[in-house]
Amino acid sequence: MTDENSRALYDRALSVMPGGVNSAVRAAIEPYPFFVQKGDGGHVIDADGNRYIDWVMGLGPLLLGHSLPEQVQAAIQKQASAGPMYGTPTEIEVDLAEFVVRHVPSVEKIRFVNSGTEATVSAVRLARGYTGRNKIVVMQGGYHGAQESTLVEGDAENPAPSSAGIPQSFAEHTLPVPFNDEAAVREVFDEHGDDIAAVLTEPILANYGIVHPEDGYHEFLREITAEHGSLLIFDEVITGFRVGGLGCAQSELGVIPDLTTFGKIIGGGFPVGAIGGRAEIIESFAPSGPVFQAGTFSGHPVTMAAGLETLQFAAENDVYNHVNDLGEQLRSGLTDIVADQAPSYTVTGTDSMFKVIFTRDGPGPDSLEEQCKTGCRQNPTCPRYDYCPKNSADVKNAETERWRRIFWGKMKAQDVFLSQNQFECQFVSYNHTEADVENTLEAYKNAL
Ligand SMILES: *Cc1c(COP(=O)(O)O)cnc(C)c1O
């Protein structure tokens, strides 16, 4: 396997781009990432012609894989050849909005923007504008894009910016709590209840190892926010149209948030974000309400075409059965391998997401008979329950360096492309096959 072209490209990139990349996580691969020439089904081919089974799938947006069905490709090309965009509305924005409103339980109205980050920025502004309050409760280890209100670390007592360039006075209004910890949420509401605009959370922590909610956790968040006149915002940028099919994770959980942020899949592989929710709240966006929000590219016709055709294709074909089946095969295969070779590790994920967290402590191989078989569900009767990650601190305590420095490269050497570190999630697409799953499980067997 040579990587001369990737190395040469990275060398050029380092001269003209910070860290040689346009998004920080891409440089997590050391000494340099491979550059992609093109995608092919469930595979990518790099600049040196190496071909990998791709479980990164653009970090989430590619539900259908790299080879789009003909009707999806045709719709995108037709839209692009009608001129890129106009600065005035188009029918396809209404079509996609109607589709989302029809399928996602909590969404009565929606506004499209250009990235998941922009969606969470706008949702936070909307929650503050609607409630007239300042504070936002977030989950430690949750990811809501590169934005001032959520790039915050520490705890509710001592929140601090997690990036240079963010004033402490911004971080002050953000209250980070551990995921799955009802007492911590109760405490911040006891202290700040009157000034909490919203609780903003991913339904499943999908950017931090994949941590599943405990039974009843989101019902609890729904109740306590309603009690205090705060909004519940689900950030479904990753889980939207991935977990729970077209109804998103909220339909699987049976919890109706006030607002939902979308991104990734809803744009069919093109830059996108969206904020949906109760009509009365969404109407607070300008021009119908006082919360300013605007964007030159928002509702971009090519993106709307890609998103609509992708979701329509998924509605009319066996997309979710296919990806969820393969997801289950991967997770149950990994559960067996881990029980055999690394009994302290935890297999996580649901639907078409999967990951192995390199947790350090476990119950020992003899007692694993009754464990969660297709990804951790925080089941109290699972022998792994006392050891499986419940929040970001538990994931952070895993063997993250082994994952990154040893394991990732061993998988790459076997032509399997996994996400760049222990924390990012991996995805099954409609283009993946059972052979991809078998080859990948074989590679895990050799690498773990
Ligand atoms: C990816 C992601 C974002 C950020 O979306 P971008 O399009 O990268 O700005 C926000 N929230 C969650 C849950 C995400 O997974």
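Values in this text are rule-based calculations from the coordinates and carry no lab data. Small disclaimer: the values here were computed from a predicted structure and weren't measured. Reconstructed Cβ throughout: ideal geometry from the backbone, glycine too, with neighbour counts over all protein chains shown.
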Between Ala339 and Thr88, what FRET efficiency follows from the Cβ-Cβ distance if R0 is 60 Å, with the result rounded to 0.05?
0.55
Using the Cα atoms of segment 14-118 to build a convex hull, what is its mean projected area in square nanometres?
9.9 nm²
Which value, in debye to the nearest 20, gives the size of the charge dipole of the chain about its Cα centre, when Lys and Arg are +1 and Asp and Glu are -1 at the Cβ?
1060 debye
Pull up the DSSP beta bridges for segment 70-316 and report the antiparallel fraction as a percent, rounded to 5.
45 percent
Estimated vicinal HN-Hα couplings, Hz - segment 208-224 in sequence order (Karplus 6.51, -1.76, 1.60; Gly, Pro = x)
9, x, 6, 10, 7, x, 6, 3, x, 5, 6, 4, 4, 4, 4, 5, 5
What share of all Cα pairs of segment 70-316, in percent, falls into each consecutive 5 Å distance bin?
1, 7, 14, 19, 19, 16, 11, 7, 4, 2, 0, 0
Fully extended contour minus Cα-Cα distance, from Gln71 to Ala315, at 0.36 nm per residue:
86.5 nm
In whole Å, what are the Cα extents of segment 323-448 along the three principal axes, biggest one first?
36, 30, 25
In segment 90-110, which residues have a backbone nitrogen under 16 Å from the label point lying 7 Å from Glu280's Cα in the Cα-to-Cβ direction?
106-109
20 °C / 1.002 mPa s Stokes-Einstein diffusion coefficient of segment 403-444, Kirkwood radius on C-alpha pairs, µm²/s:
195 µm²/s
Calculate how many DSSP beta bridges within the chain are antiparallel, expressed in % of all such bridges and rounded to the nearest 5.
60 percent
By how many nm would the segment from Arg12 to Ala183 lengthen if fully extended, with 0.36 nm per residue of separation less the alpha-carbon distance?
56.5 nm
